[in-house]
Amino acid sequence: MSGATARRAVIKGTGSALPRTKVSNAELAEKVDTTDAWIVERTGIKFRHIAEDDETTSSLATAAARQALDISGLSADDIDLIVLATATPDQTFPATATIVQHELGCNGCVAFDVAAVCSGFLYALSVAESMIRAGSAQNAIVIGAETFSRILDWEDRATCVLFGDGAGAIILSGEETEKGVLSTRLHADGEHNQLLYVDGGAGTTGTVGKLRMKGREVFRHAVVNLSSVLTEALDAAGEQMDDVDWVVPHQANARILDATAKKLNLAPEKVIKTVDQHANTSAASVPLALDAAVRDGRIKPDDLLVLEAMGGGFTWGASVIRY
Ligand code: UT7
């Protein structure tokens, strides 16, 4: 580590939660006109978890946050900020973050949702770490949580096979240190909002709507945007690609992960992949992948990480973290 000491947001714990029902491609192919071979070849997805009626975005988020809190050694009383990224809130309002807050027993602290779809966790992380760096928060829970199964058109085989449900969470604390979040870069470009969107909303149709995507177009933009923002975030942190230990990407498609790694000359074994087990869980996918790699011992203290994501909007971003 060569960076100067400063007040930074450091990851103190990670957690995750998945619905109890895990559905294989073969099981899906009994209801949808698709095959295991097509899904694996085009996406790398083998399984996804699908929420039962009693499982919600807030219940998954609460379970993930509890796990992260346990690991951090902090208690609910220590938390002064909850930022929850989701495109599938329990209700249009109140913010799902306030439901999680109440379940955890940290009523009174700041709690709100962030909507940036698949990049939501990066946006939430950026808001929380900025508030910590500014001194307006000390201990934050940052969550990405989704029940995308509820906004899928199960008649549309081009989209319904791609997504799953789940939640991931981290605890961020302010410390005077060389570690923690070193840089974050975020972008949005509303020109492309018709390539990936939901065809309903509280302020338009009065319905929730279903997910619509022009997959091939999104794919093309994803590789370009992700590789450029990853380089931008590394430059901002003063770090080199060769020094990165792990890239923790949004898990949309194994082919996007491979193509981005190739474009950046990055060794594929440095890329954390959970897309085969979780499918695309939108805002939950980055923290789910992070927690998996922390738990299985790949990610260790002082490792240099890059988190990155791209999704509807378009929105995209990357964050460089000394773990
Ligand atoms: O999380 C936000 C970011 N999202 C993404 O990054 C998603 C990006 N896009 C993708 O991952 C890929 O574009 C997809 C996986 C969505 C699609 O892969 P593709 O190679 O672009 O396939 P395609 O959409 O061009 O479809 C190819 C063929 C079509 O048949 P024809 O027209 O060639 O006869 C589709 O009808 O595959 C057919 N097809 C399917 N076949 C079996 C589409 N979906 C399925 C399916 N099973 N589920």
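The values are calculated or read from the model by the stated rules, or taken from the named source; none is laboratory data. Since the model is a prediction, treat every value here as computed from it, not as a measurement. When we count neighbours, we look across all protein chains shown, and the Cβ atoms used for this are built from the backbone with ideal geometry, even at glycine. We work out accessible area using only protein heavy atoms, side chains counted, and drop any ligands, DNA or RNA first. Shrake-Rupley method; radii C 1.70, N 1.55, O 1.52, S 1.80 Å.
Numerical summary
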{"item": "Candidates 144, 209, filtered to the one that is within 16 Å of the ligand (Cβ to nearest atom) and under 25 Å from residue 112 (Cβ atoms)", "result": "144"}
{"item": "Residue identified as at pLDDT 95 or above, surrounded by 24 or more Cβ atoms within 10 Å (Cβ to Cβ) and within 19 Å of the chain's Cα centre (by Cα) among 51, 97, 63", "result": "97"}
{"item": "Any hit, region 54-64, residues being part of a helix (DSSP H, G or I), within 14 Å of the ligand (Cβ to nearest atom) and outside the structural domain of residue 278 (by TED's automatic domain parsing)", "result": "no"}
{"item": "Residue pairs meeting the criteria (Cβ under 6 Å; at least 6 apart or on separate chains; first under 18 Å from residue 20 (Cα atoms), in region 274-296; second within 10 Å of the ligand (Cβ to nearest atom) and part of a strand (DSSP E or B))", "result": "279/163; 280/163"}
{"item": "So residue 180, is it closer than 30 Å to residue 20 by Cβ, buried (at least 16 other Cβ atoms within 10 Å of the Cβ) and either in contact with a strand residue (DSSP E or B) (Cβ under 6 Å, 6 or more places away or on another chain) or among the hydroxyl-bearing types (Ser, Thr, Tyr) (or both)", "result": "no"}
{"item": "Top-ranked residue in region 264-278 [being open to solvent by less than 50 Å² (accessible area, probe 1.4 Å) and over 21 Å from residue 170 (Cβ atoms); ranked as farthest from the ligand (Cβ to nearest atom)]", "result": "267"}
{"item": "In region 108-135, residue farthest from residue 188 (Cα to Cα) [restricted to those that are among the polar types (S, T, N, Q) and more than 16 Å from the ligand (Cβ to nearest atom)]", "result": "130"}
{"item": "Criterion (out of contact with any Gly (no Cβ under 9 Å at 6 or more places or on another chain), in a helix (DSSP H, G or I) and either more than 16 Å from the ligand (Cβ to nearest atom) or under 28 Å from residue 62 (Cα atoms) (or both)) met by exactly one of 283, 293, 261", "result": "293"}
{"item": "Which listed residue is within 16 Å of the ligand (Cβ to nearest atom), surrounded by fewer than 20 Cβ atoms within 10 Å (Cβ to Cβ) and assigned by TED's automatic domain parsing to the domain that holds residue 135, from 73, 105, 44", "result": "44"}
{"item": "From 247, 223, 229, residue being open to solvent by less than 60 Å² (accessible area, probe 1.4 Å) and at pLDDT below 95", "result": "223"}
{"item": "The one condition in (1) in a strand (DSSP E or B); (2) in contact with a His (Cβ under 8 Å, 6 or more places away or on another chain) that residue 173 fails to fulfil", "result": "(2)"}
{"item": "Answer from 37, 85 - the residue that is within 16 Å of the ligand (Cβ to nearest atom), of a type outside the set (Lys, Arg) and buried (at least 22 other Cβ atoms within 10 Å of the Cβ)", "result": "85"}
